[in-house]
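Visitor: One structure coming up, written as structure tokens, with questions to follow.
Bear in mind that the values in this text are calculations on the coordinates, not laboratory data. Because the structure is a prediction, the values reported are computed rather than measured. We place every Cβ from the backbone using ideal geometry, glycine too, and count neighbours over all the protein chains shown.
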Ligand code: NCD
């Protein structure tokens, strides 16, 4: 990971496309869009005339709605595609599907796919900007950006913060993007999982590893719980869910031993009662709903960064507010 953002940012496929400076820039833009989101009419004309298409080959609730809401709040037109009702069921390829959508005149394609690298392929075929909304086990960069924003909002900064990422790291694109983003902003990340739920090698990953949640949780600033991704498991990697919860779940008893100001996070969808106790998800220390709320403003920032500015212009929050002046102020 380099510190400098690759400029101009044409696609957002990986956190590495941004680097630490690029992440900071998204955070600054997000501040402006959070302000917009609080208005009685939370809409600005910044992307009027642009079209954002979502191309989702995997299930999604929050990511898809969040991107579509973000595009609408920027006054872009939206186009939505879902595999179950599309010609993919008749055998149309990813490439033909992407080219078909682009031919209708879109400026940005938001892609979610079960295969790692699919958004990169789409980016090589189309002229539109491409945003990775989750590819297989690989990356989910906008989730990491909204997680960074939420931690900054609650704790001030990520620098020097001790973050535990707990659970099914092996199958988690969220973990991969979070590790890249959190460490780029100076956090100290520990993965907490049974060996079977970690990738076969962690060489080159800037993280520590623990197999003992009780030992590391009391010192943590952030406990980030991952969903057990049963749909991606081809074999039984935990003896039973009950046993997993006993060793790695954030139970009421464990939550009571956290520091007073420690945050609990989860990307959703939650398996309440497995990785997180139902009551713990609703505690004031839980930032899970903040993550969803911030997701819209973060995605407005990303869409604006990719579509709203001249190719070599470094955007500031003032630019955004200037774009917002007029209809809604
Ligand atoms: C995650 C995903 O789909 O990658 N959810 C999300 O986008 N908020 C995590 C998951 O499915 O466990």
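Visitor: Stretched out fully, how many nm does the piece from residue 86 to residue 234 gain, at 0.36 nm a residue minus the Cα gap?
Guide: Working: separation 148, 0.36 × 148 = 53.28 nm, distance 2.76 nm.
Extra length from residue 86 to residue 234 when fully extended: 50.5 nm.
Visitor: Classify region 131-200 as rounded, prolate or oblate from the Cα gyration tensor: take a ≥ b ≥ c as the square roots of its eigenvalues, call it rounded if a/c is under 1.5, otherwise prolate when a/b beats b/c and oblate if not.
Guide: It is oblate, given that a/c is not under 1.5 and a/b is not larger than b/c.
Visitor: What ratio of Cα Rg to 2.2 N^0.38 Å holds for the chain? Present the calculation step by step, with values, prior to reporting the outcome.
Guide: On the way: Rg = 19.6 Å, N = 329, 2.2 N^0.38 = 19.9 Å.
In units of the 2.2 N^0.38 Å rule of thumb, it is 0.98.
Visitor: Also: Which one, 54, 40, 93, has the greatest fluctuation when you compute a Gaussian network model over the chain with C-alpha springs under 10 angstrom?
Guide: Top of the fluctuation ranking is 40.
Visitor: Let me ask another. Taking the chain as a Gaussian network, Cα atoms linked when under 10 Å apart, which of 66, 208, 116 shows the biggest mean-square fluctuation?
Guide: Of 66, 208, 116, the most mobile in the Gaussian network model is 208.
Visitor: In which sequence would 115, 240 go, from the one with the fewest C-beta neighbours within 10 Å to the one with the most?
Guide: 240, 115
Visitor: What value, in deg cm²/dmol to 500, does the helix sum -39500 (n - 2.57) over DSSP H runs of n ≥ 4 give at 222 nm once divided by the residues of the chain?
Guide: When only DSSP H runs of four or more count, the value is -11000 deg cm²/dmol.
Visitor: Based on a Kirkwood Rh over C-alpha pairs, give the Stokes-Einstein translational diffusion coefficient of region 2-157 at 25 °C and viscosity 0.890 mPa s in µm²/s.
Guide: Working: Rh = 16.4 Å.
Stokes-Einstein gives a translational diffusion coefficient of 150 µm²/s.
Visitor: Take the chain, connect every pair of alpha-carbon atoms lying under 10 Å apart with a spring to form a Gaussian network, then pick out the residue of 159, 181, 220 with the largest mean-square fluctuation.
Guide: Of 159, 181, 220, the most mobile in the Gaussian network model is 159.
Visitor: Starting from the Kirkwood radius over alpha-carbon pairs of region 141-287, derive D by Stokes-Einstein at 4 °C in a medium of 1.567 mPa s and give it in µm² s⁻¹.
Guide: On the way: Rh = 15.1 Å.
It comes out at roughly 86 µm²/s.
Visitor: Still on this structure, I have one more. Quick check on packing: order 143-155, 18-30 by the mean number of other C-beta atoms within 10 Å, highest mean leading.
Guide: On the way: 143-155: 23.3, 18-30: 21.4.
My ranking of the peptides, most packed first, is 143-155, 18-30.
Visitor: Another question, if that's okay. At 1.002 mPa s and 20 °C, plugging the Kirkwood radius over alpha-carbon pairs of region 65-167 into Stokes-Einstein gives what diffusion coefficient in µm²/s? Before the final figure, lay out each step's value.
Guide: Numbers: Rh = 15.7 Å.
Translational diffusion coefficient: 136 µm²/s.
Visitor: Could you put 137, 125 in order, starting from the residue whose Cβ has the fewest other Cβ atoms within 10 Å? Kindly include the intermediate steps, with their values, before the conclusion.
Guide: On the way: 137 20, 125 15.
Starting with the residue having the fewest Cβ neighbours, the order is 125, 137.
Visitor: Expressed as a whole number of Å, what is the distance separating the alpha-carbon centroids of region 229-296 and region 14-79?
Guide: Distance between centres, Cα-based: 26 Å.
Visitor: Within 10 Å of each residue's Cβ, count the other Cβ atoms and sort 285, 95 from fewest upward.
Guide: On the way: 285 16, 95 13.
Listing 285, 95 from fewest to most nearby Cβ atoms yields 95, 285.
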